[in-house]
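Only the coordinates and a few stated rules stand behind these numbers; no lab work does. If you're wondering where the values come from, they're calculated on a predicted model, not measured in any experiment. Cβ coordinates were reconstructed from backbone atoms using ideal geometry, including for glycine residues, and neighbour counts include every protein chain displayed.
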Amino acid sequence: MIVNKNKVLLTLLLSISIQFLQAASFEKYFPKLIKFEGIGFGIHKPIWGDKNFSKNDAFTIYKKHYWDKYHASNFTNQGVAEVLIDQLINAGEGKESVHIRAFEAIIGVKQDGFLSLADIKVANAFVFPEQIINPFVNYRLYFYTTRKNFTKNSGWSKRAKSFMITDEEGNFLANHLILPQILIKTNLQEKTNDDEFIVKK
């Protein structure tokens, strides 16, 4: 059987190109990120060093220690990658990696606090990204209300809501809250406002 090497190579390059085009991009997210972070690009000197950080420094730090660390380029939906990574930048993984566990609860995988490539594959299988994004935004809003200084940081809520997906009339889609098992408490079985409340074990 004679194989046309050029045809095989072209097919391979086309396949790689399609995968690249479908991948989430840090370059697309970065302008939004630095707008959120504001002065100093949100880089805390006690952690990263006592110096004045440039925009390029910020790009390198956020990409290496957040976007790449959590394999965000493996997400096929830009919004799904952004809403998760943005929370990890804004608030870290949380105690016992609660923020990752919340994401895992939403996509329906084992809640171990470790974001694996298998988890990302499950997230990529969702046909409608709002089924991940909006519940995770609601989780972020819930989390912020548990912070003592929440009332002094209204920008947190505005930041989280900026990722929400709405219909043509401006209504939030998949507007429910899903909490991870680690946050289950007896007083959380009640509904909050008029939104659907779901506890995932």
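The ranking of 88, 117, 179, 173 from fewest to most other beta carbons within 10 Å of each one's beta carbon is 117, 173, 88, 179. Neighbours of residue 40, meaning other residues whose beta-carbon lies under 14 angstrom from its beta-carbon, give a summed charge of +1 when Lys and Arg score +1 and Asp and Glu score -1.
Between the DSSP loop rule and a limit of at most 15 other Cβ atoms within 10 Å, which trypsin sites (Lys or Arg not before Pro) in region 68-106 are left?
Taking region 68-106 and a limit of 15 other Cβ atoms within 10 Å, the loop trypsin sites (Lys or Arg not before Pro) found are 69.
Too long at a 27 Å Cα-Cα cut-off: which of 35/152; 121/152; 110/148; 51/158?
On the way: 35/152 19 Å; 121/152 38 Å; 110/148 30 Å; 51/158 29 Å.
With Cα atoms farther than 27 Å apart: 121/152; 110/148; 51/158.
Annotation: the residues 27, 104, sorted from fewest to most other C-beta atoms within 10 Å of their own C-beta, follow the order 27, 104.
The trypsin sites (Lys or Arg not before Pro) found in region 126-161 that occupy coil by DSSP, while having at most 14 further C-beta atoms within 10 Å, are 147, 148. Note on residue 166 and residue 47: their simple-model spin labels are 3.1 nm apart, each label 7 Å out from Cα toward Cβ.
Of 96, 169, how do they rank once you tally other Cβ atoms within 10 Å and put the fewest first?
Ascending Cβ contact count within 10 Å gives the list 169, 96.
Our summary gives region 46-176 a relative contact order of 21 percent, counting only alpha carbon pairs under 8 angstrom and 6 or more residues apart. Among residues other than residue 170 with Cβ under 14 Å from its Cβ, the summed charge is -3 (Lys and Arg +1, Asp and Glu -1).
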